[in-house]
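Encoded as structure tokens, the structure appears first; notes follow it.
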Amino acid sequence: MNLLSEDMAVYQNDRLNSIPYLFHSVTCVVGDLVMLTTMSPWLVLAAVATASLPLLAMKPLSALEGREKAKYSKLSESYTGTLKETIEGYESIRTAGASEPLLQRHVKASQRRQKGWIRLNIVSTMSHSALMKLGSFANMVCLVVGGYLVTKGVLAASLLFAASSYFTSLSNHFNNITEYLVEIRASKPIVEKLLSQRDFPCTPPSNHTLQRPLALEYQGISFGFGQRQLYSGFSCTFAPGGCYAILGESGSGKSTLTKLLLKYFDGYTGTISLGGHDIRELSEEEIYAQVGLVAQSPFLFNTSLYENITLFSHNLDQDSQEYLTLLADLNLTALAQRVGDTPLGDFGDNISGGERQRIQLARVMATHPAIVIFDEPTTGLDPENISLINEFIFRCQDITRIVITHNWDKTFLNRFDQVVTIGREIPVA
């Protein structure tokens, strides 16, 4: 959200910053015309007729500058996308030894963006120069008219010098008005585009009170992507405090089932109820206050262990018994003593994969959720960490636990209150 908001702020500022100057220039134009009126109506007529020439150029100049801004906006989007992919794919890039080609890809995207910025500045400079030339021409015409009036005895020669300063001021302010209007008109399509991308439907907070314990119910759910149907009339109830496994092959829709609850997708038929309330009537904030997610790949910030667990909210005191117990339950006490308040590195590079996953689990548990979704939380971990995390899951009997897994081992599955199979049935080993 943040890059989109920053882009929008830049273009909105371009427009908003022009408004005070536009008001100032309009005020000055009115003052100049009043002074010229006291000298001769012919001077006013000549000044308005010629000084308004830049306004006639406003439409083509706005269109030209608007096109260049649109091109630069697209190049900025492409650059941002490349940068995002490079950051998120850092581990794959590094382990594959592909740093050099990826660096070249990033450099090329940056160069295209910079060239777009140069073209935009060239067009803006040419636009400004064209308006200045028109203003100079208007000033010359006004002086010729004033000189003619002096020769005819209509205007005193001494007043021509005063009129000349008003001609110059009027011309400059008409130029400024045109430039500001060009800036506003050229930025408008970009701002509208950014607003349309930002303004997505968002359910406002409801008046419903979600009281624990909360049951989670899927009733007659049908959903798929395009022609691929994942569920047809799927129904299941997850009772409060139960421990459930969602089992299925890769691509069967195990994770999608829980993402429907978290409002990643809509367009499904049927009803998903949380605490007896249809989630369509609940806001994301109301759902996330009750449901925690432990993802397969945890994201850690380059900050301390404590900040990573509390996510800068400090909802737990670092020396509180609750925080220390949470560390002990997830075997993080030794890590906390070792790292102290030092940053954990980019994406937590200074610690192991098992420690990263346990920190993510501590982060979720610190919010006191009623339901926790574990999306294949032990994938890629060593046996010790797998055992530690699984034992923690089965111990938390006051929380509804939903574990998405591809582990078909019968001994493991027998520990769950219920196993929900997605897709075709496969014999359990």
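The values are calculated or read from the model by the stated rules, or taken from the named source; none is laboratory data. No experiment lies behind these values; they were computed from the predicted model shown. As a convention, Cβ positions derive from the backbone with ideal geometry for all residues, glycine included, and neighbour counts pool all protein chains shown. The protein model used for the area step is the full one, side chains on, heavy atoms only, and it has no ligands, DNA or RNA in it. Shrake-Rupley method; radii C 1.70, N 1.55, O 1.52, S 1.80 Å.
Residues in the stretch 401-421, backbone N under 17 Å from the label point at R212 (7 Å along the Cα-to-beta-carbon vector): list them, ranges by number please.
Under cut-off, by backbone N: 401-402.
At 0.36 nm per residue, minus the direct Cα-Cα distance, what do E322 and R112 gain on full extension? Give it in nm, one decimal, please.
70.4 nm
With each label point set 7 Å from Cα along the Cα-Cβ vector, what nm distance links A63 and A162?
Result: 4.4 nm between the two label points.
Given a Förster radius of 41 Å and the C-beta distance between R415 and T86 as r, what FRET efficiency does 1/(1 + (r/R0)^6) yield to the nearest 0.05?
Numbers: r = 42 Å, r/R0 = 1.01.
For R415 and T86, the calculated efficiency is 0.50.
Work out the FRET efficiency for D382 and Q219 from their Cβ-Cβ distance, taking R0 = 45 Å, and round it to the nearest 0.05. All intermediate terms of the calculation are to be shown ahead of the outcome.
Working: r = 40 Å, r/R0 = 0.89.
It comes to 0.65.
Name the lysines eligible as straight-distance cross-link partners of K69: C-alpha to C-alpha under 23 Å, and not fewer than 8 places from it in the same chain.
Output for K69: K59, K84, K108, K115, K188, K193.
Of D398, D346, D375, D382, which has the most accessible area and how do the rest follow, probe 1.4 Å?
Working: D398 130, D346 90, D375 25, D382 70 Å².
Per-residue accessible area, sorted high to low, gives D398, D346, D382, D375.
On average, how much accessible surface per residue is there in the stretch 272-342, in Å², for a 1.4 Å probe, leaving out ligands, DNA and RNA? Before the final figure, lay out the partial values.
Details: 3550 Å² over 71 residues.
With the other protein chains kept in place, the stretch 272-342 gives 50 Å² per residue.
Identify all lysines with a Cα-Cα distance to K410 below 20 Å; exclude those on the same chain that are fewer than 8 residues away in sequence.
Within reach: K254.
Keeping the other protein chains in place, figure out the carbon and sulfur percent of the accessible area of the stretch 263-364, with a 1.4 Å probe. Let's see the in-between values first.
Details: 2370 of 4840 Å².
Answer for the stretch 263-364: carbon and sulfur cover 49 percent of the accessible area.
So what is the accessible area of the stretch 353-395 per residue, in Å², with the probe set to 1.4 Å? Don't jump to the answer; show the numbers that get you there.
Values: 1450 Å² over 43 residues.
Per residue, the stretch 353-395 has 34 Å² of solvent-accessible surface.
With a 1.4 Å probe and all protein chains kept in place, how do C28, C243 rank by accessible area, largest first? Show your work: numbers first, answer last.
Numbers: C28 35, C243 5 Å².
Ranking C28, C243 by accessible area, largest first, yields C28, C243.
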